Amino acid sequence: MTTSMHTQGMSTQSVTARRFQRMRPMAPNGTTPPVRTRDLPPGPRLPALLQSVGLLRFRHQFIPALRRRYGDVFTIRILPEDRHIVMFHRPEHVREIFMGDPGVFHAGKGNAILGPVMGEHSLLLVDASEHKRARKLLMPAFNRPALRGYEGLVSSLARAEVDSWPEGEAFASLERMNSLTLEVILQVVFGVTDDARLAELRPLVRRTVEIPPLVFLGWGYPKLQKLGPWRRTVDNQVELDRVIFAEIAQRRQASDLAERTDVLSRLLQVTDDETGAGLTDEELRDQLVTLLLAGHETTASALSWTMHELGKDPAQAARAREAAVTGDTDYLEAVLKESMRLHPVIPMVVRHLMAPVTIGGIELPAGVNVAASIILAHESEQNHPEPGRFRPDRFLEGEVEINTWIPFGGGVRRCIGAGFSLMEGVAVLREVLTTCEVTVSDAGAESTRVRNITSVPKRGARVVVRRRRT
Ligand code: HEM
């Protein structure tokens, strides 16, 4: 049996408001005693606010600078409420974090700031047995046969997008890729193809994915929810929830549900092995918004960085085109992976310790957060020779060791959409490279900026394309 919140007589507005009240970012330490800075590896003494700004806005300079100053393991303190993060990046340390007991290494608490938008059932927010159950229910929608089922629609959405690009005129590939990956989430993940519903959803999801970092931080202070940008976020969420619940209700009744291949339709058919229950409306909503937020801008950023790298390097572009024409998926995948290595989209993955542990011989108390720094792992000379060079072949030559390339995190929390995003990336690159020649504009000048949670090309990875006539 599934519960419909409408049958419980509750309006969408109250469901959403309840979530914002319930899902305040949690106090970092829960029931554990307060963490003392002096018990942790060294780190900057700057106020937590400044360190938070460093991490949120200038992470690609701040984190490497701290490594140079304090060595391979250091501690930062961030808001809300002075949370400590001990930063690691060496593969043997990363392994200990990824392989840690999920009952002790909680990931959900580190993501608590996303609670008001993603909801309490979100795969990103739950831990231990609850996470295990949710992950098991979601997994079949992301296995290989399921991914193969999505590829056709992804390719046709990519074709339509590439056909709309202006010829011979510079444009920001990030914006175009954002629009494409959003469409992929709406049509392939949510399974919405009706034009009216798509038109209704697009601005709502766009506003959801564009919530600024200050608004995220502000959720630690519930009084702010009545003011300007925070108020607008809540209003947008109420409206988004209304449309999503309507879509779920309609889909439950669809006569072709069993034949449908989108993610939502698959999730509507899963049942818990033990209880036989399916996912409730609220659980489905939370997972859909999670997939939207986790899967949209991340993949768009990775793709636009790939456009930038290929546009800058005619020899690499020619090789990638050859791979696209001959169907060499491995090479296209290596291009994407190298791009994600050079330009990590997510800076780190965090676990909150529920009990004392030792990592790399360092004793850490319960209540502290530990992170595997993706930025540091990817730019380490020990992990990747000539780390600044774009060289996809390193992924084909068996050179990349385990726990040195970690854009998708690892262990039981490894990104559930990793295969999806690589499938999507390869399909998009294939469309781009077989139909267009790509060069960078602005002499290839680009740097990184943080937008929302992801790191994106600052100037939008501007490119010029020319259609191939052959
Ligand atoms: C280039 C694209 C992407 C990157 C770089 C990325 C990165 C990540 C990272 C770093 C994590 C945290 C892993 C950890 O804690 O160990 C994660 C988790 C997650 N990602 Fe992705 N992701 C991408 C695409 C996607 C896509 C396309 C989807 C879904 C359609 C998705 C859904 C999720 C979900 C649901 C989780 C939570 C997994 C869990 O806690 O069990 N991601 N992702």
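The values are calculated or read from the model by the stated rules, or taken from the named source; none is laboratory data. The structure displayed is predicted, hence computed values, not measured ones. Here the Cβ is made from the backbone with ideal geometry for all residues, glycine too, and neighbour counts use every protein chain on show. Ligands, DNA and RNA are stripped out before the accessible areas are found, and what is left, the full protein with its side chains, is counted by its heavy atoms. Shrake-Rupley method; radii C 1.70, N 1.55, O 1.52, S 1.80 Å.
Some observations on this one:
- In plain terms, the bigger the Kirkwood radius, the slower the diffusion; for the range 341-470, with that radius from Cα pairs, at 4 °C and 1.567 mPa s, Stokes-Einstein puts D at 73 µm²/s.
- Within the range 258-408, the ratio Rg/Rh, alpha carbon atoms throughout and Rh by Kirkwood, equals 1.07.
- Placing R0 at 22 angstrom, the Cβ-Cβ distance between residue 37 and residue 68 gives a FRET efficiency of 0.60 after rounding to 0.05.
- Per the Cα gyration tensor, the range 129-195 maps to an equivalent ellipsoid with semi-axes of 31, 13, 11 Å, ordered largest to smallest.
- Fully extending the segment from residue 57 to residue 389, taken as 0.36 nm per residue of separation minus the present Cα-Cα distance, adds 117.1 nm.
- Computed on the range 193-340, the Cα convex hull volume stands at 199 Å³ per residue.
- Value of [θ]222 nm, deg cm²/dmol, for the chain, DSSP H segments ≥ 4, -39500 (n - 2.57) each, nearest 500: -14500 deg cm²/dmol
- Surface composition of the range 318-378: carbon plus sulfur atoms contribute 51% of the solvent-accessible area (1.4 Å probe, protein chains only, all chains present).
- FRET efficiency estimate (nearest 0.05) - Cβ-Cβ, residue 18 to residue 196, R0 45 angstrom: 0.95
- Percent carbon-and-sulfur accessible area, the range 87-230, ignoring ligands, DNA and RNA, probe 1.4 Å: 56
- Alpha-carbon centroid distance for the pair the range 68-99 / the range 442-469, whole angstrom: 30
- Phi-derived couplings, Karplus 6.51 cos²θ - 1.76 cosθ + 1.60 at θ = phi - 60°, listed residue by residue for the range 75-92: 10, 10, 10, 10, 7, x, 6, 6, 8, 9, 10, 8, 9, 10, 8, 5, x, 5 Hz, with x used for Gly and Pro.
- This model, with +1 at the C-beta of Lys and Arg and -1 at the C-beta of Asp and Glu, gives the range 131-193 a dipole about its Cα centre of some 880 debye.
- Alpha-carbon radius of gyration plus Dmax, which is the widest Cα pair, for the chain in Å: 22.0, 68
- Furthest towards positive pole of dipole, 425, 452, 270, structure part the chain, Cβ charges: 452
- Förster-model FRET efficiency, 45 Å R0, residue 270 and residue 170, C-beta, rounded to 0.05: 0.50
- Heavy-atom surface of the range 358-406, accessible at 1.4 Å and reported per residue (Å²): 42
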